[in-house]
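Here is the structure we will look at.
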Amino acid sequence: MIHFPSAELKARHTKHLAQYNHTLALILVEYASAVYLSDLTQLFTWTCSRCGHLTEGFEIIELVVDVEHCLQAFVGVAKDPHAIIIAFRGTNGHSLQNWIEDLYWKQHEINYPDMDDAMVHRGFYTAYHNTTIRPAVLGAVERAKKFYGDIQIIVIGHSMGGAMAAFCALDLTVNKEENKVQVMTFGQPRIGNGVFASLYSELVPNTIRVTHDHDMVPHLPPYYYYLPQKTYQHFPREVWLYNIGLGSLAYRVEKICDGSGEDPSCSRSVSGTSITDHLVYYGLDMKSDDPEACGIVTNSYVRNTSIRDSKGNLILSRDPATSLLKLRREFDNQEEPVNVN
């Protein structure tokens with residue numbers, strides 16, 4: 001990693017702010033919703049109930065499930081926009097309440113490697129860096145670039161998946177020297193202190209954090225304006241979705257916030273009290289279809305061709321040159337799917 005002397009760590013949030021694209025957001029939120037699904041066969045062949053529509057033609061290259069930590073992510077290539085898409089799943093429904101309570105009270109911090117004074121949340125950092133997820137994702141990106149060339153990389157995620165997406169984008173930028181990395185997260189919590197937020201915004205400026213009305217997760221871990229050196233702080237740029245009016249007269253506003261990361265006129269202007277607002281973005285469900293468990297659904301083909309480590313973690317990989325249509329036909333000829341815990 002690059003070393004950043006603390007004397008040079010000055011907030012320059014107002015420069016190079018990402019531009020919000022409503023149409024792109026509607027496309028990317030579909031990927032962030034789909035990655036929650038538990039049927040790996042349908043997800044890997046992109047035939048799931050949340051696949052298609054604005055994401056038609058997407059081809060997954062890698063699907064990884066870290067069963068031990070209840071994490072899931074995929075890497076693939078989209079037709080429109082023509083880009084490598086990396087999507088991370090957020091916290092599963094059955095543990096969401098406990099996870100939110102932990103964000104209130106267990107604010108574990110560690111130093112981000114080789115970045116003086118930059119502190120980050122230990123849980124979010126380790127979920128990406130110290131699990132099966134990181135090597136699988138980086139390997140898939142490398143394979144995709146060899147086949148498709150030097151195309152853009154877009155990293156997305158909802159909730160904790162948004163936190164992992166941010167760490168992934170920073171990893172790609174600093175350690176893999178990628179310079180075409182774009183990020184869009186939905187309902188992402190704060191993940192580091194002000195120094196980290198400043199560094200992140202300098203290194204990954206093309207980042208949009210979408211928040212929704214009274215969604216409580218973007219308010220966590222809490223922001224203490226009177227402790228600027230120690231408090232968690234968001235990086236820019238926030239886009240706040242909220243409704244004006246009531247009933248049939250209500251309409252949605254998409255407010256593009258300032259470059260501070262903590263615009264007091266955006267989501268910070270309201271209380272973060274709603275889990276419901278956290279679980280719906282742009283009208284799409286942002287939760288698992290099986291919220292009571294971290295189980296997965298596969299068929300015999302997936303179980304026989306996937307890679308499993310000693311802890312039961314699962315990786316499904318596809319050569320980018322292999323026809324997805326052929327893969328779908330092979331999956332269709334297999335037995336009915338079964339649940340795997």
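The values are calculated or read from the model by the stated rules, or taken from the named source; none is laboratory data. Remember, predicted model here, so these are calculated numbers, not experimental data. Note that each Cβ is placed from the backbone with ideal geometry, even for glycine, and that neighbours are counted across all protein chains shown. Protein only, heavy atoms only, side chains kept; ligands, DNA and RNA dropped before computing areas. Shrake-Rupley method; radii C 1.70, N 1.55, O 1.52, S 1.80 Å.
Within the stretch 105-133, count every residue that is open to solvent by 60 Å² or more (accessible area, probe 1.4 Å) and part of a helix (DSSP H, G or I). Going through the stretch 105-133 one residue at a time, the tally reaches 2. In the set (1) within 30 Å of Gly245 (Cα to Cα); (2) open to solvent by 10 Å² or more (accessible area, probe 1.4 Å); (3) at pLDDT 95 or above, the condition left unmet by Asp215 is number (2). When Gly295 is tested against (1) modelled with pLDDT of 90 or more; (2) under 22 Å from Tyr36 (Cβ atoms), just one condition goes unmet, and that condition is (1). Within the stretch 300-308, one or more residues are touching a helix residue (DSSP H, G or I) at 6+ places or on another chain (Cβ under 6 Å) and at pLDDT below 70. Considering the conditions (1) surrounded by 15 or more Cβ atoms within 10 Å (Cβ to Cβ); (2) modelled with pLDDT of 95 or more, Leu37 is excluded by exactly one of them, (2).
Among the residues making up the stretch 173-188, a single one is surrounded by 24 or more Cβ atoms within 10 Å (Cβ to Cβ) and either of a type in the set (Ser, Thr, Tyr) or over 20 Å from Leu26 (Cα atoms) (or both): Thr185. If the condition is being open to solvent by 40 Å² or more (accessible area, probe 1.4 Å), within 21 Å of the chain's Cα centre (by Cα) and within 17 Å of Leu220 (Cβ to Cβ), then the stretch 235-278 contributes Ile275, Thr276.
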